[in-house]
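Colleague: I'd like to ask some things about the structure below.
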Amino acid sequence: MKYWKNPLLLISGIGISYLGNWIYLIALNISILDLTGSAVAVAGLYMIRPVAMLITNMWSGSIIDRVNKRKLMITVDVIRGILVCIVPFISSLWAIYSLLLLINIVGAFFGPSSSVYITKLVPAENRKRFNSILSMTSSGAFLLGPAIAGVLIMIVGTELCIIINAATFMVCALFIYFLPNVDDAPATLREPIKWKTLVNDWKAVHGFMRSARFFIVVYILFQGATLLGFAVDSQEVTFIKQHLELTDRDYGLIVSITGIGSLAGAAAAALMSKKVHLKLYVGAGMLLTTIGMYCSMLLLIL
């Protein structure tokens, strides 16, 4: 149990951040819909993160490889917390989009750096169990966040929900602050980041893509399926509020129902993490996801 102290601290910090993200996402969707009354404006929210990823992915990896991951994660969370606090005080749609783009550009550094940090913090034999628990934490936030947001929005409005997300980023940064430094090389020995460094990194990535073509094809297909799911997500708040004429609280509760399935799946994955091969994990997961999406479409048609 002593070994799990640091991993559980990291899971707790990220889990609190996940919870705040779901409260924030529900509140932001409703806020944009109320501000504009436009389904296109809500869909625009879901375009911002991919655009931010396209802007940063070409060079962020080079920076992440050459800086202290723990310090980078703390810095990213603090900056995101400060920027999110500004969102409720902006009334212009394009100003909100611009600020959200900046938030997502900063946030794009957190995922890859946390993946590297987790790899160094958690031994290989425990990573599947760790990832399953982390996934279950994410699913729990998926279950609780929208339900809490639905109640809070009815009582105090969307602005406080967005501020709560800013606070969760700060809490996550505090938890990461108490974690150990796992970087191998001290800052004085790291290679400086220059244009030549970026070019060499791009060449290394290109070489990997040529040597692992099957993996790249599977990865692209997986991302394509995920993209289709995001396209549906972008319109759910519009469909629920404008077509079904349900309340903000109802919207939050409906999204929470999705979290129940996600939590159940993550719990099953955690229990079977050392018994099931990774290929079966990925294949069975995508199959069940596809079946679920087809069932949802049939229900909408009927």
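Throughout, read-outs are computed from the coordinates displayed, never taken from laboratory work. The model shown is predicted, which means the values in this text are computed figures rather than measured ones.
Colleague: Could you state the number of Å between the C-alpha centres of the stretch 106-174 and the stretch 49-99?
Modeller: 15
Colleague: Oh, and also: Using only the Cα atoms, what convex hull volume per residue in Å³ does the stretch 5-137 have?
Modeller: Cα convex hull per residue, to the nearest whole number: 115 Å³.
Colleague: Are any of the pairs K71/K120; K5/K71; K71/K279 more than 22 Å apart by Cα-Cα distance, and if so, which?
Modeller: On the way: K71/K120 15 Å; K5/K71 20 Å; K71/K279 34 Å.
Listed pairs above 22 Å: K71/K279.
Colleague: Computed from the mean reciprocal separation of all distinct C-alpha pairs, what Kirkwood hydrodynamic radius does the stretch 64-165 have, in Å?
Modeller: About 15.9 Å, per the Kirkwood formula over Cα pairs.
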